[in-house]
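Down below is the structure, laid out as structure tokens.
The values are calculated or read from the model by the stated rules, or taken from the named source; none is laboratory data. Small disclaimer: the values here were computed from a predicted structure and weren't measured. Please note: Cβ atoms are built from the backbone with ideal geometry, for glycine as well, and neighbour counts cover all protein chains shown. Surface areas here come from the heavy atoms of the whole protein model, side chains and all, with no ligands, DNA or RNA. Shrake-Rupley method; radii C 1.70, N 1.55, O 1.52, S 1.80 Å.
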2 protein chains.
Amino acid sequence: MAKVADRYLKVEPWAVVERGFDPKRERKSESLFSLANEYMGVRGYFDEGYSGDRLVGSYFQGLSEEMDVRHPQVFKGFIEQMAFSVNSVDWLYTRLRLDDETLDLATSRFRRFERRLDLREGTLSRSFVWETRGGKKLRVTFERFVSMVRPNLGCQRVRLEALNFSGPVALVSGLDFSPPHEIASGWTQTKASGSAAEGKNFWTCPKRGREGDVSAILGRTERSGQWALASFRLRADAGFAPRPMAAEKFIGLEGTLDLVQGSATTVEKIVVNRWERDRRAEAEAVWSAGMALAREEKDTTYEEALEAHRAFWAKAWEQLDIEVTGDAAVQQGLRFSLFHLYQTYHGGDARLNIPAKGMTGEAYGGCVFWDTETYCVPFYLFEDPKAARNLLLYRHLQLPQARRRAKELDCRGARFSFSTIDGTESCGTWQHGDLEDHVNVAVSYAIWLYATHTGDTTFLWREGIEMLLEISRYFASRGGWSPLTGEFGIWGVMGPDEYHMMVHNNCYTNYLVKKTFEFTVRVMGEMKRRAPKAWARAARKVGLEAGEPNAWRRMARRMRLPQNKKTGVFEQHDGYFDLPEVDVGRLGPSDIPIYKNWAYIRIFRHSMIKQPDVLLFLLFYRQDFSRRVVEANYDFYEPRCIHESSLSPGIHSIFATELGRTGEAVKFLRYVSRLDLDDYNRNTSQGLHVTAMSGAWLNVTYGLAGMRTDGERLFFQPTLPKGLTGYRFRLAVRGSVLEAAVDAEGARFRTVRGRPVAITLYGRSRQVNAKGLTVRLKPSRPAKRRAAQARRR
Amino acid sequence: MAKVADRYLKVEPWAVVERGFDPKRERKSESLFSLANEYMGVRGYFDEGYSGDRLVGSYFQGLSEEMDVRHPQVFKGFIEQMAFSVNSVDWLYTRLRLDDETLDLATSRFRRFERRLDLREGTLSRSFVWETRGGKKLRVTFERFVSMVRPNLGCQRVRLEALNFSGPVALVSGLDFSPPHEIASGWTQTKASGSAAEGKNFWTCPKRGREGDVSAILGRTERSGQWALASFRLRADAGFAPRPMAAEKFIGLEGTLDLVQGSATTVEKIVVNRWERDRRAEAEAVWSAGMALAREEKDTTYEEALEAHRAFWAKAWEQLDIEVTGDAAVQQGLRFSLFHLYQTYHGGDARLNIPAKGMTGEAYGGCVFWDTETYCVPFYLFEDPKAARNLLLYRHLQLPQARRRAKELDCRGARFSFSTIDGTESCGTWQHGDLEDHVNVAVSYAIWLYATHTGDTTFLWREGIEMLLEISRYFASRGGWSPLTGEFGIWGVMGPDEYHMMVHNNCYTNYLVKKTFEFTVRVMGEMKRRAPKAWARAARKVGLEAGEPNAWRRMARRMRLPQNKKTGVFEQHDGYFDLPEVDVGRLGPSDIPIYKNWAYIRIFRHSMIKQPDVLLFLLFYRQDFSRRVVEANYDFYEPRCIHESSLSPGIHSIFATELGRTGEAVKFLRYVSRLDLDDYNRNTSQGLHVTAMSGAWLNVTYGLAGMRTDGERLFFQPTLPKGLTGYRFRLAVRGSVLEAAVDAEGARFRTVRGRPVAITLYGRSRQVNAKGLTVRLKPSRPAKRRAAQARRR
């Protein structure tokens, strides 16, 4: 992995701090300083306006615009329209004017700039001293948060301190629907040469007005016809008597603050945003519903709202926090990752999910991918199981769209969308959207993991089984039988490794399909015994046919899983072992990133892989495989992997730790936890890799602590790599909370809450209770490299 | 093959006749009645205007407009702009007005409609009696041809006979640049649902005017900036004194003809069209060059021009004609096919070629494909070798573009475009344009075939070797080495069978690449001995490196050609034998055409093939394979082929005849020769399958007469299928003309011109001279079907 950190921000255990401003990094900083609360998100852009390079981005999860997908030729199954999360109202809009100068950090003189994201309490603050051409010095401080408690609530506080003068400052505050959505054009037709992003605003504002001290504006997207109402109230210390102002897509207040040298003046802005899911709603109804919400916050003060928000985070951190000693950068990176992941999604609403980039930018169109089920569900499952459940219900809500999609692809059952906002497919590139069938087994894998770990039969026997039946049915119709070997398989797919297209029998997909068939049939059997009514209801609901379960059993039994029986190496797909090789170690800047530097069709004809594929199913079903097999596959695939997915290195490092390979665990941890903080991929400016942040959690729990699960049992193999002196985390296990703390003395497990928990520790079954259990660390067996052997496949 | 004839036109040996007009078939008839002369082509639309459904199509080969290619995502190597042959000037524009009625066969009353394409002399005529609402009867006759002798010349004659009145008729005649190009939008973004074609006109006309009796108009394409100048002169019998008229994109003459009952009045229009290859030329220069050409025709009369045109065809038919007795439909179909093929291309200009649809419509954008080399070169080679040579020079002229294209695809050497007008790639669908590398070996195959058959070392040692070196170099960089077997191969291609995408080691491609390497090295060896200076020049020109030829030798030797050694069946590509099967015989109207009715990604995961792939290289290099191998492959692949290419059935029927399979040769001949005449594919309305018309010729020479060649020797195995009583054709063989005539009495070979010719007849070497040689027919060995064995692969 040839990726290099680009560190700029200060390392603190509970904060991310920018001291002194670097305009060249502003877009990147805006991403890093993003705030969100699942319902909405806003980039860390400057409240007061900025004429330099920036992206004023403010998004509501699920609120989308539509665009045409252009193809040189359209074939059956191709989508011709896609949705994207559309940039919406700049609700932090503020302008400051002192004498004849407007504050703009691109042109104004200023000192002592500091921007600070407080991870513990979820606030962003920024301060600096503005020095006007006339020599006046004004200390300006902005603070903001989006409430984790009340999803519609966003709060801003502006604090002004005249340092060397007394006198008036003009302030405008408002709601602005006019910022452009940038990637709209660049994204559907990205010039190979890499054209600059062009912007387009998708909003019209049919209504704006005031009720009492609340100013509000109603926006509607051009094509999808979705509504959003934004409203705000100002509260200032002094006798601030602002005048209303408005423009086509703007409503605001404009007034003068009389500053007194040496004392601070603050203006608070309480914003209530609401978007309407019913596209057929009338403007008046949307207006009323939004204003009703605004009235609920009519007495809310900034401090009060902040208190509730802080309390939420304090409680959340009690469970979420991972403490690490010995490496401050890792500590910061871990908290940064957990913070962003959890503020993006905490399970408040089953209609929402974890977009790949959260609500921090416009790349990937605000869409949800299979990352959710494969990388994020484990995190939520062990930290906030109700949130994990809601992630699964999200897919269940999208079953109707998935059934339609299966039909479009000439199949039966249900096929979840590879990239989606509302359940319909939004991946216009058919090579991914149509071929990456593994998104479907990501869902069934997560159902299995969740239901087995929690024992939540309420979910499993209602929504879970319905999805399992439809997914099994899909693959039964999607697969085929080899006339040569009589095996069942899935021909013509793209696996998780996106550097091989339209391959046959991608081993990862086939293995997960096999497990899906088996689990479906097993749950069916259990339901017949334990919940016959629920079973009858489920079977009726999907119109199960008599022969289907038996067919699935046969398909599972006869599933093709190509493997070299001698070495134990699974073949990633039919013919993979035969592919001409590339020496990944010798690829340089003229090659990387591959998608940009290699002709498209060249990528797919070599053995180089983009991200783990075989290793991924070995991790998911670790208990199905011997250490020998894991080792052989790691040694074979690791050197062939170029890690051009942010989801890639973390998986390798988990195995590296298990196999006692090198002392690079901390290096990997740093990479995984600081992927965006240190901008390893040089694209943080476009938004954060939010789903990849689960990799930080995975690399402590699955990595350092060697945790594995077969759903029912928990296995641990704790290690303490060079470079760390200790770490501590908590897990939710069937109503209990289990804490693991590891340092040089050993590994200590205890329950913080709930009944004792059974675990397997270094291969021995142990019972953990509140008193705790301490063992000395066992080093990973220093396994011998068997690369030479592995090369023989 | 479930295709059914839709016969409508009359069967005559030397003509295609429509008696009575069917407006529903007008677009189809316009295609069938197209005329062309390589330089330009015009559909058989109504000269006088027609408000019904029609396509007023007039094209110049090579004159193209450009458009953007839209992709959901652009990757390296994708083209972002493509050229298409743009609809241009309607030079037949005529309008007739009698009393207050304008002639329009969509609304006027008429009788005795007849449209006739005279294949022998290359003219189109149409006549009918127009009955006005006032009861006047006027016989109207249109005739036209485009001169095979003077490429810029188009001629029209209008003949009017007042049957029951005397009096004036108003006539407008002109040149109209305003007809829309129809497929412009529908073609880049074909809605899966099949939207109606929309039109767009791409011309501006910066200049129009008159010099003497010549009216002219200059057109320029909007984006590509290509120029065309059209001019015309009228000549009428009576005292016709027309007035000039003009519009934005139109120039014309308008006048009155005083008709006398019982006698005919004619108006002749002599049109001179010229388009300018130099895009940077100034308007004035283009105007002058066009007018100079027009002046060359200033005394030309219709009859005189027709005489020269007729003489050309009379001479051409002497060589081209295939006489068949016993089936009038086949006879007509053969001549129809030969006529269209030869009027589309007769080798007049090496910058021109044979667009897949000729100049008969807008489908395929007027582009040239690999059809030229694989299907058409043999026809020209044996009927008009100079034309075959020019087809190869066409590719040589495009070497600079092919070198650029290879670079874009991260390769060395040259990669000819899959679909092109001027050498640059115009196939926007990367799955075809980028993956169908076999276009490159089609060129080297044709070079081998031409050079070996003719012995033309002048070409081979200059242009031929340069192309061979660059094609070999391309594949050396494009291919790879299997780490499993140490074989060389070409991974990640699409072969001729377009129902399997991004396959590895397509056997057809690999076989032809192997032959290309071998032939290149062989020619190199010969040149070193016999033409060392030419060799030095060629090697210098391409910058040949020391190790290259040896590398090619090794690659040829180690080329992967997967084959079941037991059955002899070649595997179409790696893993093909393993693909789930589809019973092609059971596919019905809900499946066919597959591209429309099957989800795109479903097509590629079954063993069903679109068109011959393995069988094609067995035909090209028939002498390399035993009859047993041919038979095994035919029996294996024939039942798996769905024939969704117009190039497909003809290849199968050639083998069916060789293998003595069934008595279906005449049925196939009828299909192949009448593909468009009987609209088997129901898309003749979009233009004729011109390159597929070579299949008619192939099915007589290679099919009935069992001709094969290894380049140097000619083999014959004549048959006379049930349903025919005889056939006769002529072949050009190294300066001689060989005639074969077959009937129930036997097969008679003689030379019509030149030295005696050596052939192998039924396996015996024979010498043929002017006196001739007659043998009795040997029936094809009635081979046993070995389907059961073949199924075992």
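Within the set of pairs 6+ apart or on separate chains, which have a first residue in segment B:754-769 that is in contact (Cβ under 8 Å) with a residue 12 or more places away in the chain, a second that is open to solvent by less than 20 Å² (accessible area, probe 1.4 Å) and among the small types (Gly, Ala, Ser), and C-beta atoms under 6 Å apart? Every condition considered, the pairs that remain are B:754/B:736; B:755/B:736; B:757/B:736.
Only helices (runs of 4 or more DSSP H) whose full extent lies in segment B:628-741 are considered here, and the ones with at least 1 residues that are acidic (Asp, Glu) are B:648-658.
Taking each residue of segment B:566-582 that is in contact (Cβ under 8 Å) with a residue 24 or more places away in the chain and away from chain A (no Cβ under 11 Å) and looking for partners that are buried (at least 20 other Cβ atoms within 10 Å of the Cβ) and acidic (Asp, Glu) with beta-carbon atoms closer than 7 Å, six or more apart or interchain, yields B:572/B:497; B:572/B:613.
If you go through segment B:598-610 and pick out every residue that is outside any loop (DSSP other than H, G, I, E, B), more than 7 Å from chain A (Cβ to nearest Cβ) and either over 27 Å from residue B:703 (Cα atoms) or open to solvent by 10 Å² or more (accessible area, probe 1.4 Å) (or both), you end up with 1.
In segment A:231-246, the residue that is modelled with the lowest pLDDT out of those that are touching a Ser or Thr at 6+ places or on another chain (Cβ under 8 Å) and of a type in the set (Gly, Ala, Ser) is A:238. Number of residues in segment A:303-325 that are surrounded by fewer than 18 Cβ atoms within 10 Å (Cβ to Cβ) and touching a Gly at 6+ places or on another chain (Cβ under 6 Å): the value is 1. Taken over segment B:496-518, the criterion of being within 14 Å of chain A (Cβ to nearest Cβ) and under 22 Å from residue A:602 (Cβ atoms) is satisfied by B:498, B:500, B:501, B:502, B:503, B:504, B:505, B:506, B:509, B:510. Looking at segment A:434-454 only, could you name the residues that are farther than 18 Å from residue A:561 by Cα, out of contact with any Phe, Trp or Tyr (no Cβ under 6 Å at 6 or more places or on another chain), more than 14 Å from chain B (Cβ to nearest Cβ) and of a type in the set (A, V, I, L, M)? A:446, A:447, A:449, A:451, listed by residue number.
Criterion first (open to solvent by less than 10 Å² (accessible area, probe 1.4 Å) and either under 24 Å from the mean Cα position of the chain (by Cα) or within 16 Å of residue B:398 (Cα to Cα) (or both)) does residue B:438 satisfy it?
yes
When residues in segment B:561-618 are screened for being under 21 Å from residue B:482 (Cβ atoms) and β-branched (Val, Ile, Thr), 2 of them pass. For segment A:660-672, state whether one or more residues are buried (at least 23 other Cβ atoms within 10 Å of the Cβ) and at positive phi. No; the residues of segment A:660-672 include none that is buried (at least 23 other Cβ atoms within 10 Å of the Cβ) and at positive phi. The set of residues in segment B:583-597 that are open to solvent by less than 50 Å² (accessible area, probe 1.4 Å) and either away from every other protein chain (no Cβ under 11 Å) or more than 32 Å from the chain's Cα centre (by Cα) (or both) comprises B:584, B:587, B:588. Restricting B:258, B:213, B:237 to those that are within 19 Å of residue B:292 (Cα to Cα), open to solvent by 20 Å² or more (accessible area, probe 1.4 Å) and not polar (S, T, N, Q) reduces the list to B:213. Within segment A:406-427, restricting attention to residues that are open to solvent by 10 Å² or more (accessible area, probe 1.4 Å) and assigned to a helix (DSSP H, G or I), the residue that is nearest to residue A:451 (Cα to Cα) is A:407. Within segment A:275-298, the set of residues being buried (at least 23 other Cβ atoms within 10 Å of the Cβ) and not hydrophobic (A, V, I, L, M, F, W, C) comprises A:290 only.
Select from segment B:455-495 the residues that are more than 14 Å from chain A (Cβ to nearest Cβ) and polar (S, T, N, Q) and write down the one among them that is least open to solvent (accessible area, probe 1.4 Å). The selected residue is B:472. Residue-level check: of (1) out of contact with any Phe, Trp or Tyr (no Cβ under 7 Å at 6 or more places or on another chain); (2) modelled with pLDDT under 90; (3) more than 20 Å from residue A:716 (Cα to Cα), residue A:578 misses just (2). In segment A:611-653, how many are within 14 Å of chain B (Cβ to nearest Cβ) and open to solvent by 10 Å² or more (accessible area, probe 1.4 Å)? So the count comes out to 3.
Per-residue answers, yes or no, for (1) under 26 Å from residue B:648 (Cβ atoms); (2) within 13 Å of chain A (Cβ to nearest Cβ):
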position: B:363; (1), (2): yes, yes
position: B:381; (1), (2): yes, no
position: B:401; (1), (2): no, no
position: B:416; (1), (2): yes, no
position: B:427; (1), (2): yes, yes
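Tallying residues that are over 28 Å from residue B:252 (Cβ atoms), more than 10 Å from chain A (Cβ to nearest Cβ) and buried (at least 22 other Cβ atoms within 10 Å of the Cβ) within segment B:68-97 yields 1. In the set A:282, A:268, A:297, A:304, which member is without any contact (Cβ under 8 Å) to a residue 60 or more places away in the chain and within 21 Å of residue A:42 (Cβ to Cβ)? The unique qualifying residue is A:304.
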